[in-house]
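Below you'll find the structure, written out as structure tokens, and then a few comments.
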Amino acid sequence: MIHYHASWVVPITEPPVRDSWVAVDRGRIVALSRRRPADGTTEVDLGEVAILPGLVNAHTHLELSYLRDQVPPSSTFVAWIRDVMSARGTRPDPGSPEILGAVDRAIDEALACGTAVVGDISNTLVTFGPLARSPLAAIVFYELIRFNTPDARAVVERASQTLEALAPTERVRASLAAHAPYSVAPLVFRAIRQAVDRDPFSACSVHLSESAEEMEFIRTGGGPWRAMLEELGSWDPTWVPPGGTPVQFLDESGFLDGRVLAVHGVQMNAADLQRLAARGTTLVTCPRSNGHTGAGAPPLDEFYHSGVRVAVGTDSLASAPDLNVFAELATMRALAPSVPAAALLDSATRQGSRALGFDADFGTIESGKLARLLAVTVPAGTSNVEEYLVSGIAREQIRWIE
Ligand SMILES: [Zn+2]
């Protein structure tokens, strides 16, 4: 047993504790104590640091890491997607060294920035192997994009079989995801929901209410998305716009529940947020990406006041400058100065772990959980350590305890 001493411990389950010890035995947390351990026990003084749980990046696309700095910021979302498509036009083979090398570097970066768990979206599953070999815990969401198909069940059945062929580890699992309401047919949503329901432990993800163009498409069936689907040959002439909002549409389809991560929510209104809160759906916010893609700034104050569960993601390196969740928190703090720092930290730890089904092992400092703990250097004399931790932490300040 080792007792780690720090100037601050941030357990997430309660306010930060000054000058305390965290006892760790064989990789698990045993206790958090304000008292010095008995003589003769092994004590490690970490000094002026805050000990906190490893962070959770609940939304990223590691397979897009090769597009880092390749897609410029845009003022509208559909224009940005067009830029992504042209950057991907010369896409290397999914298993090529260019893609896989960038995935490995992205995993290293996430770890160096204090990430313990990721929710990774993949269209090719090339990230599963690298994640399974890394120290990260992860759900790899095998994401389906299919707006026009004669046989939705077969599309989802094939994807389920592909997932069954993967060998999950104790820390890395795979599950299905739907891309978005403007790119996935209603019957594909239904089949994904049914497939997810067969596995009581699986989570599911969907990009939801990200852009103004998505809102227009679901409300009227027109606008830039309609034009894009037609251009791509993916338009389904039998599709009838549901009207209302994307949240309303997916909720009334029976898609939303406590196992769904709804990503972005930039365009959600108060009624949408109430629906998500009532279903126990977790809203994953990625504000730096939203700024880059032209989706706009997420209404974080409304998110937190609505009572919806909020987690944090960086999104991919095609739309975010790095995979540092602490940097995402600093952007959240700047956008929503009145949201308590404790709530932001809760989003980046406990909420993300819970949404991804890793809360038995990650997300808080509690006895029995894995000791995947960070020691972040804090200046001597820091009085509000939570506020400091959401002010922007550089990777040089972060190290893993064990
Ligand atoms: Zn995404």
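How many of the residues in the range 153-197 are in a loop (DSSP other than H, G, I, E, B), within 19 Å of the chain's Cα centre (by Cα) and aliphatic (A, V, I, L, M)? If you could, list the steps in order and put the result at the bottom.
Start the filter on the range 153-197 by keeping residues that are in a loop (DSSP other than H, G, I, E, B), which leaves 165-171, 179-183, 185.
With within 19 Å of the chain's Cα centre (by Cα) added as a condition, the list becomes 171, 179-181.
Within this subset, residues satisfying the condition of being aliphatic (A, V, I, L, M) are 180.
Counting residues in the range 153-197 that are in a loop (DSSP other than H, G, I, E, B), within 19 Å of the chain's Cα centre (by Cα) and aliphatic (A, V, I, L, M) gives 1.
Just give me the residues in the range 211-223 being open to solvent by less than 10 Å² (accessible area, probe 1.4 Å) and either in a loop (DSSP other than H, G, I, E, B) or more than 16 Å from the ligand (Cβ to nearest atom) (or both), in sequence order.
Ser211, Phe217, Ile218, Gly221, listed by residue number.
Output the residue which, of all residues in the range 198-210 that are of a type outside the set (Phe, Trp, Tyr) and not in a strand (DSSP E or B), is surrounded by the most Cβ atoms within 10 Å (Cβ to Cβ).
Step by step, filter the range 198-210, then rank; the result is Ser209.
What residue, of Ala31, Ala23, is over 30 Å from Ala203 (Cβ atoms), more than 16 Å from the ligand (Cβ to nearest atom), open to solvent by 30 Å² or more (accessible area, probe 1.4 Å) and not in a helix (DSSP H, G or I)?
Sole residue among the options that is over 30 Å from Ala203 (Cβ atoms), more than 16 Å from the ligand (Cβ to nearest atom), open to solvent by 30 Å² or more (accessible area, probe 1.4 Å) and not in a helix (DSSP H, G or I): Ala31.
Could you identify the single residue in Arg91, Arg82, Arg133, Arg153 that is modelled with pLDDT of 95 or more, open to solvent by 30 Å² or more (accessible area, probe 1.4 Å) and out of contact with any Leu (no Cβ under 9 Å at 6 or more places or on another chain)?
Going through Arg91, Arg82, Arg133, Arg153 in turn, the sole match is Arg133.
In the range 54-88, how many residues are more than 16 Å from the ligand (Cβ to nearest atom) and within 27 Å of Thr377 (Cα to Cα)?
Counting residues in the range 54-88 that are more than 16 Å from the ligand (Cβ to nearest atom) and within 27 Å of Thr377 (Cα to Cα) gives 2.
Consider Glu328 against the criteria (1) open to solvent by less than 10 Å² (accessible area, probe 1.4 Å); (2) touching a Leu at 6+ places or on another chain (Cβ under 6 Å); (3) acidic (Asp, Glu): it satisfies all of them except one. Which criterion is unmet?
All conditions pass for Glu328, except number (2).
In the range 229-240, is there at least one residue being within 16 Å of the ligand (Cβ to nearest atom) and touching a residue at least 40 places away in the same chain (Cβ under 8 Å)?
no
For the range 249-262, check the following and say yes or no: at least one residue is open to solvent by 10 Å² or more (accessible area, probe 1.4 Å), touching an Asp or Glu at 6+ places or on another chain (Cβ under 8 Å) and at pLDDT 95 or above.
The answer is no, given that none of the residues of the range 249-262 is open to solvent by 10 Å² or more (accessible area, probe 1.4 Å), touching an Asp or Glu at 6+ places or on another chain (Cβ under 8 Å) and at pLDDT 95 or above.
Looking at the range 94-122, which of the residues that are part of a loop (DSSP other than H, G, I, E, B) and at pLDDT below 95 is least open to solvent (accessible area, probe 1.4 Å)?
Ser96
Would you mind telling me which numbered condition in (1) touching a Leu at 6+ places or on another chain (Cβ under 7 Å); (2) within 16 Å of the ligand (Cβ to nearest atom) Ile51 fails?
Here Ile51 clears every test but (2).
Yes/no per residue for (1) over 24 Å from Leu356 (Cα atoms); (2) within 16 Å of the ligand (Cβ to nearest atom); (3) free of Cβ contacts under 8 Å to residues at least 24 places away in the same chain:
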| position | (1), (2), (3) |
| --- | --- |
| Arg133 | no, no, yes |
| Val156 | no, no, no |
| Ser160 | no, no, no |
| Ala165 | no, no, yes |
| Thr169 | no, no, no |
| Ala177 | no, yes, no |
| Phe189 | no, no, no |
| Cys204 | no, yes, no |
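The values are calculated or read from the model by the stated rules, or taken from the named source; none is laboratory data. Only a predicted model underlies this, so the values are computations on that prediction, with no experimental measurement involved. Note that each Cβ is placed from the backbone with ideal geometry, even for glycine, and that neighbours are counted across all protein chains shown. Surface areas here come from the heavy atoms of the whole protein model, side chains and all, with no ligands, DNA or RNA. Shrake-Rupley method; radii C 1.70, N 1.55, O 1.52, S 1.80 Å.
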